Amino acid sequence: MKTGANTQHKQIYIVVSQTGTILSRILKRITGAEYNHASLSFSPDLLTMYSFGRMHPYNPVWGGFVKESPNSGTFKRFSGTRVVVLSITVSQEKYLKGTSKNVKFPLAYHTPPKNQGDFAKKCMNLS
């Protein structure tokens, strides 16, 4: 990515995790993947994250786009959760698109769309 004199860059954080829930252990056994959940955060403290996950911490079946925090929900309930934090550098423009009020997070209590990837890109105006 080229950087101009007036271009600022920001970090977006991707948090991949293994909570240790029954469902996550089943997924790990089936896929062999060490981590099976991903969240997105726009701040380095990771206190607010967004993902497709449990809408209610005790119900692994009912899912949707949710707002997450290490201090609540599944992350709080499973304090032994293992995580890897990755960061990507994006332009100020893309960062602002992702954090704008136009992003439709959290979408809890709405029926998830059939194509999650295209929907997420459309919400963030990244397509």
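The values are calculated or read from the model by the stated rules, or taken from the named source; none is laboratory data. Everything numeric in this text was worked out from a predicted model, so none of it was measured. Every residue, glycine as well, gets a Cβ built from its backbone with ideal geometry; the counts of neighbours run over all protein chains shown.
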Point to revise | Failed item, numbered, when residue 119 is tested on (1) touching an Asp or Glu at 6+ places or on another chain (Cβ under 8 Å); (2) at pLDDT below 80; (3) surrounded by 15 or more Cβ atoms within 10 Å (Cβ to Cβ) | key: (1)
Study note, to complete from the structure: Checked against (1) modelled with pLDDT of 90 or more; (2) touching a His at 6+ places or on another chain (Cβ under 8 Å); (3) of a type in the set (Gly, Ala, Ser), residue 24 satisfies every condition except (1)
**Study point:** Condition met for residue 18 (polar (S, T, N, Q), touching a residue at least 40 places away in the same chain (Cβ under 8 Å) and surrounded by fewer than 16 Cβ atoms within 10 Å (Cβ to Cβ))
**Key:** no
Revision key, fill the gap. Of those in region 44-85 that are more than 12 Å from the chain's Cα centre (by Cα), among the hydroxyl-bearing types (Ser, Thr, Tyr) and over 15 Å from residue 18 (Cα atoms), the residue surrounded by the most Cβ atoms within 10 Å (Cβ to Cβ) is 72
Point to revise | Selection from region 22-43 of residues that are over 19 Å from residue 82 (Cβ atoms) and surrounded by fewer than 16 Cβ atoms within 10 Å (Cβ to Cβ) | key: 43
**Study point:** Failed item in (1) touching a residue at least 40 places away in the same chain (Cβ under 8 Å); (2) within 21 Å of residue 99 (Cβ to Cβ); (3) touching a helix residue (DSSP H, G or I) at 6+ places or on another chain (Cβ under 9 Å); (4) not hydroxyl-bearing (Ser, Thr, Tyr), with residue 64 passing the rest
**Key:** (3)
